[in-house]
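The values are calculated or read from the model by the stated rules, or taken from the named source; none is laboratory data. Please read these numbers as outputs of a predicted model, since none were measured by experiment. Here Cβ is always computed from backbone atoms with ideal geometry, including for glycine, and neighbour counts include all displayed protein chains.
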Amino acid sequence: MCGIVGYIGNKNSVPIIIGGLKRLEYRGYDSAGVGILAGDECKVIKSVGKVAKLEQAIGNEQLESNTGIGHTRWATHGAPTETNAHPHFNKDRTICVIHNGIIENYSVLKKELQKKGYEFRSETDTEVLVHLIDSFVKKGNSLLNAVRKALIEVEGTFGLAVLSSKEPDKIIAARRGSPLVLGIGNNENFLASDVTALITHTSQIVYLDDDEIVEVYKDKFEAKTIHDEQIQKEIHEVKIALDEISKGGYPHFMLKEIMEQPESITNSMRGRLIYEEGTARLGGLRKAIDRLSDSKRIIISACGTSWHAGLVGEYMLEQFAGIPVEVEYASEFRYRNPIITKDDAMIFISQSGETADTLAAMREAKRRGALVLGVCNVVGSSIARESDAGVYIHAGPEIGVASTKAFTSQLVVLALITLLLARRKSLSEQDGKMIIKELQAIPEKVEQILKLNDQIEEIAKNFVDAKNFLYLGRGYNFPVALEGALKLKEISYIHAEGYPAAEMKHGPIALIDKNMPTVFLAPRDSVYDKILSNIEEVKAREGKIITISTEDDEKLDALSDYIIKIPGTIRMLMPILNVIPLQLLAYHIAVKKGLDVDQPRNLAKSVTVE
Ligand code: AGP
């Protein structure tokens with residue numbers, strides 16, 4: 001949530017910051033602001049709405065400085081107004097601060113500061129920080145020490161950057177629980193909450209860890225812990241091509257990312273299939289594989305779409321590897337008293353690798369002695385770095401807030417983990433080879449499904465005014481029903497529910513009437529006949545039926561109002577194919593409603609607050 005950019009060097013910081021904020025807008029987009037050093041003061045410009053609005057506001061100003069910071073906000077404390085937007089500044093405007101995260105003890109700190117005479121302009125928790133830093137500066141501390149001491153008093157999470165006109169040669173940055181990276185340039189340095197904001201400037205990246213603080217000058221940086229211990233930070237070479245983070249001719253990132261799936265799926269399995277042995281090779285799991293395959297239980301934990309991927313993983317692992325699996329919402333797992341033993345392995349799935357609940361659950365599992373594995377997309381993310389071992393899904397940057405290609409790549413990686421474990425157990429080489437063949441055929445089949453885009457767009461036209469949607473599937477396809485419903489909710493704001501199809505008669509059937517569209521996932525598998533009965537039940541109540549079935553099916557034509565026929569594969573891989581029409585359906589409905597599919601209201605790509 002929220003994006004941070006900072007620049008110090010010889011160039012004008014303002015266009016660099018605006019460019020970076022635009023790349024980070026997926027993290028939060030309800031308001032934005034920049035702060036630069038201008039003589040004895042920090043000059044701050046803010047605006048409500050997207051970064052383009054801020055750019056317009058800046059357009060009228062002569063804004064130029066070699067040092068500046070910028071922020072795009074996803075509101076937590078206080079409405080998205082200009083006053084609540086960042087940067088926040090002290091009374092004499094010598095210090096300004098941008099912040100991601102939440103200051104949990106802000107009301108206590110605020111009261112203490114108010115007693116000392118500090119006046120607050122905004123309703124934000126962040127404003128506490130700037131006055132707290134100011135109070136330490138006024139006691140004679142350097143900016144670094146003032147920020148350090150302020151952060152020691154703070155409970156909660158932060159990724160922040162601080163400017164002071166009294167110490168104009170530096171930016172101070174620090175992190176706890178909210179990602180922050182430093183980009184190293186030639187006589188210039190950068191800060192950002194995500195590498196993608198910096199890739200046009202540098203590929204030399206330093207990842208800050210929790211409770212680290214850094215003094216960033218134009219030609220050097222010095223890192224410490226907030227408790228004043230010196231630390232050495234490693235510089236990483238990070239390569240992301242520009243076309244990976246641009247729309248590439250598509251009207252939206254979401255559509256681009258849906259269309260990229262043949263390639264992203266291929267990348268997720270590249271070099272990882274060993275056909276001759278009917279198994280998978282996952283370098284990131286090498287040091288953990290014995291413990292993983294000996295584990296008595298696997299717990300998968302994640303949020304949102306990644307949690308749906310985990311549910312599919314449960315079916316795969318139990319069916320083929322014979323290990324009991326539980327799937328937990330990370331947000332629930334961390335707040336109960338879960339029974340975890342050293343014989344348990346936990347897999348944390350996260351596209352961003354920064355989701356606060358997933359990260360906290362992972363740390364708790366680690367404390368309790370479980371083997372902790374990460375399945376992440378973003379290289380170098382917190383979950384990837386803090387897990388004992390893990391597998392990158394290699395889907396490439398996902399910018400659209402609604403997750404699409406990350407989901408299918410997560411499923412591929414879960415299939416690979418299943419294959420690897422199952423072959424160490426009882427799966428035969430022949431069956432392993434069969435799974436590999438099916439996996440290898442997936443990108444081509446996805447390509448075929450994507451050719452149905454026009455047909456799906458036509459279907460979407462009929463549902464622009466729908467108020468509710470039901471998604472039904474069984475077995476492996478029940479999580480796909482959940483994912484289809486989530487996609488529709490997120491971007492079209494149509495209420496949608498996913499259910500196991502057999503549960504329909506236990507309640508949701510009461511909703512069925514001629515205005516209620518129901519999407520059925522009905523591939524030809526062992527529960528096909530049962531699904532058929534569920535379709536009949538909806539038909540009998542005049543519900544509108546949209547069916548996703550396999551090409552070899554004709555039975556469903558007469559029963560369905562709309563039918564999308566896709567290629568088939570083995571059951572464990574069918575979710576990868578079934579979800580694609582659902583992604584396209586949600587996308588087209590939202591576009592036809594004139595909504596902002598890449599940045600839907602109230603959402604942010606990376607949920608780094610609890
Ligand atoms: C998916 O479309 C969502 N925007 C959201 O549910 C997301 O999957 C969830 O926040 C988890 O994110 P992560 O995978 O980055 O941890």
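Worth a mention:
- Evaluation of residue 103 against (1) in contact (Cβ under 8 Å) with a residue 24 or more places away in the chain; (2) surrounded by fewer than 24 Cβ atoms within 10 Å (Cβ to Cβ) (one fails), failing number: (2)
- Residue list for the range 188-244, filter: among the β-branched types (Val, Ile, Thr) and more than 23 Å from residue 24 (Cα to Cα): 225, 226, 231
- Selection of the range 319-357 for residues being touching a residue at least 12 places away in the same chain (Cβ under 8 Å), of a type in the set (D, E, K, R) and away from the ligand (no atom under 14 Å from the Cβ) yields 326, 342, 343, 344.
- Within the range 263-284, tally of residues that are surrounded by 12 or more Cβ atoms within 10 Å (Cβ to Cβ) and either small (Gly, Ala, Ser) or over 21 Å from residue 428 (Cα atoms) (or both): 9
- Here residue 535 does not fit the description of being under 27 Å from the mean Cα position of the chain (by Cα) and among the hydrophobic types (A, V, I, L, M, F, W, C).
- Number of residues in the range 398-424 that are assigned to a helix (DSSP H, G or I), within 12 Å of the ligand (Cβ to nearest atom) and not hydrophobic (A, V, I, L, M, F, W, C): the value is 3.
- Taking each residue of the range 175-200 that is assigned to a strand (DSSP E or B) and looking for partners that are basic (Lys, Arg) with beta-carbon atoms closer than 7 Å, six or more apart or interchain, yields 189/218.
- Strands (runs of 3 or more DSSP E) completely within the range 445-524 that count 2 or more residues being within 18 Å of residue 588 (Cα to Cα) and within 23 Å of the chain's Cα centre (by Cα): 495-500
- Filter result (in a strand (DSSP E or B) and more than 20 Å from residue 205 (Cα to Cα)) within the range 371-397: 371, 372, 373, 374, 375, 389, 390, 391
- Residue-level check: of (1) farther than 23 Å from residue 158 by Cα; (2) within 24 Å of the chain's Cα centre (by Cα), residue 50 misses just (1).
- Candidates 427, 482: the one that is within 16 Å of the ligand (Cβ to nearest atom) and either farther than 27 Å from residue 270 by Cβ or surrounded by 18 or more Cβ atoms within 10 Å (Cβ to Cβ) (or both) is 482.
- Verdict on residue 521 being within 16 Å of the ligand (Cβ to nearest atom) and either under 20 Å from residue 580 (Cα atoms) or surrounded by fewer than 24 Cβ atoms within 10 Å (Cβ to Cβ) (or both): no
- Of the residues making up the range 217-231, those that are part of a strand (DSSP E or B) and surrounded by 13 or more Cβ atoms within 10 Å (Cβ to Cβ) are 221, 222, 223, 224, 225.
- Positions within the range 358-371 being within 15 Å of the ligand (Cβ to nearest atom) and within 11 Å of residue 340 (Cβ to Cβ), in sequence order: 361
- Residues of the range 413-438 that are at pLDDT below 95 and either in contact with a helix residue (DSSP H, G or I) (Cβ under 8 Å, 6 or more places away or on another chain) or under 18 Å from residue 375 (Cβ atoms) (or both): 425 alone.
- Test set (1) farther than 30 Å from residue 330 by Cα; (2) of a type outside the set (D, E, K, R); (3) surrounded by fewer than 20 Cβ atoms within 10 Å (Cβ to Cβ) - residue 549 fails condition number: (3)
Every residue, every condition in (1) in contact with a Cys (Cβ under 6 Å, 6 or more places away or on another chain); (2) under 15 Å from residue 161 (Cβ atoms); (3) part of a loop (DSSP other than H, G, I, E, B), yes or no:
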residue: 4; (1), (2), (3): no, yes, no
residue: 7; (1), (2), (3): no, yes, no
residue: 10; (1), (2), (3): no, no, yes
residue: 19; (1), (2), (3): no, no, no
residue: 22; (1), (2), (3): no, no, no
residue: 71; (1), (2), (3): no, yes, no
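- Condition met for residue 303 (touching a helix residue (DSSP H, G or I) at 6+ places or on another chain (Cβ under 7 Å), near the ligand (Cβ under 10 Å from one of its atoms), at pLDDT 95 or above and over 15 Å from residue 412 (Cα atoms)): yes
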